[in-house]
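Worksheet: one structure, shown below.
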Amino acid sequence: MIELTYLFGAVALLAGALASVSVWAPRRLAVKLVALSGTALFLPIAYAGFAQLLALPKPVALEWWQANAEEATVLAASLREDEAIYVWLQLRDVPEPRAYALPWHRDLAEQLQAAQREADEAQTQVQMRLPFENSLDEREPKFYAMPQPQMPAKDVNAPPAQLYDRHAKRDT
């Protein structure tokens, strides 16, 4: 969400610069007022457009801020055949999850479904390698199920457990 603030700030500065040029240009007053009105209308329309885009999955080809991410956790996925693979990803060092649209590729969709099945069986999560790299490299799967976490180590120095036998004779 912080990127929206920065982008809108940049747009507002550019719009202000253009409005300044239109005010100081040697034109009639009517032309200057039309230019200022256009600038005044441009800002809320730009903000509304940016806000609308926040609700839509971003094509992975347009990801610039996190383009060098090596892995991401797939929180959810939706497949639309011949359209796109929609994923909701949790990236490292990014506090909120993000929605992305991958171009449709049948092998990638099958890989995602297989990883989801494996993750369900192992009760783990699905990971995605190089989420923003545009390649269909067959050597390594793009989606995979995380392995089960290792069990905690046993304390080998712990005293042996006491056994109680209710049928054992008492010494008293």
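The values are calculated or read from the model by the stated rules, or taken from the named source; none is laboratory data. Since this is a predicted model, take the numbers as computed values, not measurements. Positions of Cβ are backbone-derived with ideal geometry, glycine not excepted, and every protein chain shown enters the neighbour counts.
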Could you list, ordered by first residue, the pairs with Cβ atoms under 8 Å in which the first is in segment 1-23 and in contact (Cβ under 8 Å) with a residue 12 or more places away in the chain and acidic (Asp, Glu) and the second is outside any helix (DSSP H, G or I) and exposed (fewer than 13 other Cβ atoms within 10 Å of the Cβ), at least 6 apart or interchain? Glu3/Trp65
Run Pro97 past the list (1) closer than 21 Å to Glu140 by Cβ; (2) touching a strand residue (DSSP E or B) at 6+ places or on another chain (Cβ under 7 Å) and report the number of the one that doesn't hold. (1)
Verdict on Arg92 being closer than 18 Å to Leu130 by Cβ, assigned by TED's automatic domain parsing to the domain that holds Glu140 and not aliphatic (A, V, I, L, M): yes
Going through (1) touching a residue at least 12 places away in the same chain (Cβ under 8 Å); (2) outside any strand (DSSP E or B); (3) closer than 30 Å to Ala10 by Cα one by one, Glu133 fails only at (1)
Test each condition in (1) among the polar types (S, T, N, Q); (2) closer than 18 Å to Thr5 by Cα; (3) not in a helix (DSSP H, G or I) for Asn68 and report the one that comes out false. (2)
Tell me whether segment 83-90 contains one or more residues that are polar (S, T, N, Q) and part of a helix (DSSP H, G or I). no
Result of the Cβ filter at 9 Å on segment 37-65, keeping first residues that are touching a residue at least 60 places away in the same chain (Cβ under 8 Å) and partners that are loosely packed, with under 11 Cβ neighbours inside 10 Å and not in a helix (DSSP H, G or I), at least 6 apart or interchain, is Val60/Asn134; Ala61/Asn134
Exactly one of Tyr100, Tyr144 is at pLDDT below 90 and outside any loop (DSSP other than H, G, I, E, B), and that one is Tyr144
Selection count, segment 1-47, where residues are within 26 Å of Glu63 (Cβ to Cβ) and of a type in the set (Ser, Thr, Tyr): 3
Specify which of the listed residues (Ala119, Ala114) is buried (at least 18 other Cβ atoms within 10 Å of the Cβ) and free of Cβ contacts under 8 Å to residues at least 40 places away in the same chain. Ala119
